[in-house]
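Participant: Got a structure here, written out as structure tokens. Questions coming.
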Amino acid sequence: MNSFVNLGSFIIQLINIAVIIFILNKFLFKPYLKYLTSEEKKRRELEEAHIILHDIKDEAKKEARDIIDEAKKESHFIKNEAWIIAKEEAKEIVDEAKDEAEKIKHKAMLDIENERKSMNESMREKILEVALKLNQKLFSKSDANVDFIKKSTEKEII
């Protein structure tokens, strides 16, 4: 049996295998498993971060849509409010214009009335003057029937 398996050689081979396994385990397998574990942990952390970022992005999109919707509602409200204010101001402007037009009309009517009175007075004086000249030519006196003519013209105008 000695010839088939050499016990010394077997023990040396067994020690060599144990040393190789120890060295491989110490310098190759454990660091490689540790590296794989850390890479797996990093991958999981990245996936979780990706999921969190995706959730944050979705939440930001939803918040942006909400802000846009709120801005649209607010702009619509502001537009309606501006429309109402514009209508009120237009009504005030129209009312002021009507009041101003009424004042101008009233002043014009007074001016017309004053002008009419002035014209009547001027016409009365001219008629009186013509009547007095006619009276003077007819009666050869400048003071004949003067009081009668003046009273007649005053009665006609009043």
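The numbers here are math on the coordinates, done by the rules we state, and not lab data. Being a predicted model, the structure only gives us computed values, none of them experimental. All Cβ positions, glycine included, derive from the backbone under ideal geometry; neighbour counts span all protein chains shown.
Participant: Assess whether Ala82 counts as being assigned to a helix (DSSP H, G or I), among the aliphatic types (A, V, I, L, M) and within 26 Å of the chain's Cα centre (by Cα).
Facilitator: So Ala82 fits the description; yes.
Participant: Could you list, in sequence order, all residues of the stretch 110-129 that are among the aliphatic types (A, V, I, L, M) and surrounded by 11 or more Cβ atoms within 10 Å (Cβ to Cβ)?
Facilitator: Answer for the stretch 110-129, where residues must be among the aliphatic types (A, V, I, L, M) and surrounded by 11 or more Cβ atoms within 10 Å (Cβ to Cβ): Met123, Ile127, Leu128.
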